[in-house]
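Have a look at the structure below before the remarks.
The values are calculated or read from the model by the stated rules, or taken from the named source; none is laboratory data. The model shown is predicted, which means the values in this text are computed figures rather than measured ones. No Cβ is skipped: glycine too gets one built from the backbone with ideal geometry, and neighbour counts run over all protein chains shown.
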Amino acid sequence: MKSTALQSTHIALGAKMVPFAGFNMPVHYEGITSEHETVRNGVGVFDVSHMGEFLIEGPNALELIQSISSNDASKLSIGQAQYSCLPNDQGGIVDDLIIYKVKEETYLLVVNASNIEKDWDWMASKNVMGAEMKNISEAYSLLAIQGPKAVEAMQSLSSVDLSSIAFYNFVVADFAGIEHVIISATGYTGSGGFEIYCKNTEVKQVWDRVFEAGASFGIKPIGLAARDTLRLEMGYCLYGNDIDDHSSPIEAGLGWITKFTKPFTNSEALKIEKQNGPKRRLVGFELLERGIPRKDYSIEDQSGNEIGIVTSGTMAPSLGKGIGMGYVLADHAAVGSALFISIRKHKVPAKVVKLPFYKK
């Protein structure tokens, strides 16, 4: 079991630690609902240092990235980031990721913790053009400082005007007494804030300074359980649940990051799928009666026929109702369509809704 550089800090704070993606990670500190609400209304900090980081460099860096990713990285300027995915040869997804353009011919790729080795091997197998690849995952830490008060709470820690960093943009600047930190206006909560990339040797200082600066704003540490409820309220996909090796980006509603302006892995087949329409689609749904949908619960039509399966579900803290995402046959995917979720022996009525579930 791996651990992040802050493991002893989390334990000292009373975190419940659980195995996640091969790491010992904090799942919650004082409780999922209160942590969720802290991020929605104030500011909270996640240690997500289990995520993987690859540097792709050299004159062939962009060529490799363009050939393996669904989005168009040629549109990136230095200081911009882009959400994308890595299609496989069978129509599924190797992983979803964020691509940062750090310099000309230097890109940072941030991948899911459970897929670090898999992604590295996949990219290496496609690197026929000889781009320089470095796996820096084990040397770097990542903190997600999220919530509507993040800018105000963190401004004293940097000489950069944090409010000037646009969504999906970043700067390399001073932060918490450390030079050359990546301050990225990204995150997976839908409540604003930043992600901070620094070396493992620097992260304890950053963590401590962040909590000092945020004390008067009610800053709290946040675990992975609230990270999951926050992302689900936004309808953001989680790899291994809502997308995987067997789900296509078109089915998953990721057509907006699937650009056919250039060739990439399996792009011709995905283009045909988009033109013809997929046989199933990932939808968001809300329960019309009490209940909590869970992963792998059956989705049925009014006659009791199975038409799909739940991929993610929870009792949404911000909404006070059961919500979920799942794949259903395409003719049941329209907003407003009636569904029934099989929860134990009960068929709980639900309806397809437009994402995100949570609207500010």
For the range 163-185, how many residues meet the condition of being under 23 Å from TYR236 (Cβ atoms) and either surrounded by 19 or more Cβ atoms within 10 Å (Cβ to Cβ) or outside the structural domain of GLY218 (by TED's automatic domain parsing) (or both)?
6
Only residues in the range 14-38 that are in the same structural domain as ILE222 (by TED's automatic domain parsing) count as the first member; pair them with residues that are of a type in the set (A, V, I, L, M, F, W, C) and at pLDDT below 95, Cβ under 8 angstrom, at least 6 apart or cross-chain, and list the lot.
PRO19/MET1; GLY22/MET1; PHE23/MET1; ASN24/MET1
Strands (runs of 3 or more DSSP E) contained in the range 67-171 and holding at least 1 residues closer than 30 Å to ALA213 by Cβ and touching a Gly at 6+ places or on another chain (Cβ under 8 Å)
93-103, 106-111, 140-146
Could you look through the range 139-170, keep only residues that are out of contact with any helix residue (DSSP H, G or I) (no Cβ under 9 Å at 6 or more places or on another chain) and not hydroxyl-bearing (Ser, Thr, Tyr), and pick out the one that is farthest from GLN66 (Cα to Cα)?
VAL160
Taking the range 292-327 only, how many residues are assigned to a loop (DSSP other than H, G, I, E, B) and under 26 Å from THR33 (Cα atoms)?
10
For a quick check of your reading of the model, give me the residue pairs whose first member lies in the range 207-219 and is farther than 17 Å from LEU143 by Cα and of a type outside the set (D, E, K, R), whose second is modelled with pLDDT of 95 or more and assigned to a helix (DSSP H, G or I), with beta-carbon atoms closer than 6 Å and at least 6 apart or on different chains.
PHE217/ALA153
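Here is a check on your reading of the model: is LYS274 within 19 Å of the chain's Cα centre (by Cα), surrounded by fewer than 21 Cβ atoms within 10 Å (Cβ to Cβ) and outside any strand (DSSP E or B)?
The answer is no for LYS274.
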Residue by residue through the range 67-101, note down the ones that are surrounded by 18 or more Cβ atoms within 10 Å (Cβ to Cβ) and more than 20 Å from the chain's Cα centre (by Cα).
SER67, GLY91
Yes or no: GLY218 over 13 Å from the mean Cα position of the chain (by Cα), closer than 28 Å to ASN41 by Cα and either surrounded by 24 or more Cβ atoms within 10 Å (Cβ to Cβ) or among the basic types (Lys, Arg) (or both)?
no
Any chance the range 46-54 includes a residue that's touching a Ser or Thr at 6+ places or on another chain (Cβ under 9 Å) and surrounded by fewer than 19 Cβ atoms within 10 Å (Cβ to Cβ)?
no
LEU64 vs. criteria in contact (Cβ under 8 Å) with a residue 24 or more places away in the chain and part of a helix (DSSP H, G or I):
yes
